[in-house]
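A quick write-up on the structure given underneath.
The values are calculated or read from the model by the stated rules, or taken from the named source; none is laboratory data. Keep in mind it's a predicted model, so treat the numbers as computed, not measured. When we count neighbours, we look across all protein chains shown, and the Cβ atoms used for this are built from the backbone with ideal geometry, even at glycine. Quick note on the areas: whole protein, heavy atoms, side chains included, nothing else; ligands and nucleic acids left out. Shrake-Rupley method; radii C 1.70, N 1.55, O 1.52, S 1.80 Å.
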Amino acid sequence: MQQWRVATRAEEETRLLGRSLGKAAPAGMVVLLNGPLGAGKTCFAQGVAYGLGVAEQTPVTSPTYALMNIHQGRVPLYHFDLYRLSRVDDLEDLGYDEYAEGQGLTLVEWADRMGEPLGSSLVVTISSSGENDRQIEFTAVDPAGRQLLSEVKSTWEAARSAENL
Amino acid sequence: MLLLCIESSCDETAAAVVRDGREVLSNIIASQVDVHARFGGVVPEIASRKHVEAISLVVREALTAAGTSLDQIEGIGVTRGPGLIGALLVGLSTARALAWARQLPLAAIHHMEGHILAPLLETELEFPFLALAVSGGHTHLYRVDGIGQYTTLGQTRDDASGEAYDKVAKLLGLGYPGGAKIDQLAAEGDPTAISFPRPMLHKPGFEFSFSGIKSAVNRYVEQQSEPVTGTHLADLAASFQAAVVDVLTAKTVAAAKAEGLSRIVVAGGVACNRGLRERFAQLAEKHALQVVFPSPSLCGDNAAMLGVPADYYLSSGQASGGDVNAVASWPLDTVGSGAL
């Protein structure tokens, strides 16, 4: 599977989708998270964190100013936000490569600001189609991304059917 | 004690000389025009490399401006965290090296501890008090029972208030610094013109959320058939500011009442906001509260603010070890307990 599109109708649902990704994500993977202001990237990232096992009461906030936050789950979550950056050189100063090549899950908001593509396995793009409606598109970039994408899809479908019970 | 203080946790490279934790003799921030012109207009920002370029110059400038030298300095205060490790290490390594070379005691301080104690550089303030820390990276409510005694009462669940200001300013095409531009425009607009949500306002507890207000402004702008300009823009800015200020002030006053506190400190970059200051002044009168704001030069990131806790810790014999390391995440509640 290369691509998958899902529609969510509420913030909670977007977070639940993120949770499916967090549950399925293996260590050492880079996931890019794109979408305009207010699309719900941080909301999705919160789900990823909790799905990854970060304690539920931990606030998972926007790393725009801090540039990155680290949360401890079953593997560490390196939550980057490149909104304030514009050059790939800035990433070097952040020590980005060490994190991206490490044993955590690297989740990068606003990676599309860098001007050149960042290496990743999966790209998630969120777009707004109404006040609370969102279209979320997953694109697998490599075999590991394809594997993760099919697991996200089955985790999501299981979570959805569990909710409907 | 005469202390040299150093801060490099985020964008600013800063150094200051502070006497007895109360008197600011110098307060130098690298992004200030006079210093930054010397290195060719390069704005020291996120990059650790930029901190490295600025740190020696800023330290020297702080000593010169204070009319002192390292020979007179009796101790060093430095930000240990939270922040970017690469950025923190520049200030911390400099502080450690100076402390070692000069055999001076070192106090490694929590960045937010500096912010919420900053008013003590200008005014007498008794403990306990409530602190609202508002900046690009923070929107936190703390109970402060003394230096080193902090309890987090609530914080943002998503965006910090300053971040919401900057992002809204950007989507309105207002440029940087966004908070100041919106504040300025808001003074000319009608705060009741557009109804934006006040997230968390009616929920119990002291958590904040600003992502929803930002999204609502974004949707509003997208729905307009023409660009928002003139009076319309001023009304939008005023309405957005009213939503943010409503939530910040209402939660803060509620927290003060719940905790039985009559003194409130509002600190951090957003504490410069005039709309926020005015509303707090009104509420202070109405609810018989004392609300204290630092001067604008002590609101944003600076090193002088570290002088208050650093002087206290060093004067009471609580110096950090020479091998103290930087910490990216550090809950303020654990400060003073020796735990990390």
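Some observations on this one:
- Filter pass, A:Gly47 being in a helix (DSSP H, G or I) and either open to solvent by 30 Å² or more (accessible area, probe 1.4 Å) or in contact with a Lys or Arg (Cβ under 9 Å, 6 or more places away or on another chain) (or both): yes
- Scanning the range A:85-108 for residues that are within 15 Å of A:Asn69 (Cα to Cα), outside any helix (DSSP H, G or I) and within 11 Å of chain B (Cβ to nearest Cβ) yields one hit, A:Gly95.
- Filter pass, B:His140 being under 16 Å from the mean Cα position of the chain (by Cα), crowded, with 24+ Cβ neighbours inside 10 Å and not in a helix (DSSP H, G or I): yes
- For beta carbons closer than 6 Å, sequence separation of 6+ or different chains, a first residue in the range A:46-60 that is within 12 Å of chain B (Cβ to nearest Cβ) and a second that is part of a loop (DSSP other than H, G, I, E, B) and of a type in the set (D, E, K, R), the qualifying pairs are A:Pro59/B:Arg157.
- Criterion violated by B:Ala99 - all others in (1) within 21 Å of the chain's Cα centre (by Cα); (2) open to solvent by less than 30 Å² (accessible area, probe 1.4 Å); (3) at pLDDT 95 or above satisfied: (1)
- Across the range A:67-80, not a single residue is classified as surrounded by 16 or more Cβ atoms within 10 Å (Cβ to Cβ), within 11 Å of chain B (Cβ to nearest Cβ) and more than 16 Å from the chain's Cα centre (by Cα).
- Any hit, the range B:87-100, residues being more than 14 Å from chain A (Cβ to nearest Cβ) and either of a type in the set (Asp, Glu) or within 16 Å of B:Val308 (Cβ to Cβ) (or both): no
- Taken together, the criteria place B:Ile6 among residues that are touching a Ser or Thr at 6+ places or on another chain (Cβ under 9 Å), at pLDDT 95 or above and surrounded by 22 or more Cβ atoms within 10 Å (Cβ to Cβ).
- Members of the range A:111-132 that are polar (S, T, N, Q) and in a loop (DSSP other than H, G, I, E, B): A:Ser120, A:Ser121, A:Ser129, A:Asn132
- B:Leu120 fulfils the conditions (1) surrounded by fewer than 24 Cβ atoms within 10 Å (Cβ to Cβ); (2) farther than 18 Å from B:Ala271 by Cβ except for a single criterion, (2).
- Residues that are within 11 Å of another protein chain (Cβ to nearest Cβ) and either among the hydroxyl-bearing types (Ser, Thr, Tyr) or within 17 Å of B:Val270 (Cα to Cα) (or both), drawn from the range B:162-178: B:Gly162, B:Glu163, B:Ala164, B:Asp166, B:Lys167, B:Val168, B:Lys170, B:Tyr176
- Hey, B:Lys203 of a type in the set (Lys, Arg), under 28 Å from A:Gly40 (Cβ atoms) and touching a Gly at 6+ places or on another chain (Cβ under 9 Å) or not: no
- Filtered residues of the range B:179-223 (kept if in contact with an Asp or Glu (Cβ under 6 Å, 6 or more places away or on another chain), farther than 18 Å from B:Glu163 by Cα and among the charged types (D, E, K, R)): B:Asp190
- Figure legend. Inter-residue proximity from the range A:70-99: first residues of a type in the set (Gly, Ala, Ser), second residues modelled with pLDDT of 95 or more, beta-carbon distance below 7 Å, spacing 6+ or different chains. Indicated pairs: A:Gly73/A:Ala49; A:Gly73/A:Leu52; A:Gly73/A:Gly53; A:Gly73/A:Val54.
- Here A:Leu32 passes the criteria (1) hydrophobic (A, V, I, L, M, F, W, C); (2) under 25 Å from B:Val221 (Cβ atoms); (3) open to solvent by less than 20 Å² (accessible area, probe 1.4 Å) except the one numbered (2).
- Just one of the numbered conditions (1) modelled with pLDDT under 95; (2) more than 19 Å from B:Pro82 (Cα to Cα); (3) within 14 Å of another protein chain (Cβ to nearest Cβ); (4) part of a helix (DSSP H, G or I) is not true of A:Arg15: (1).
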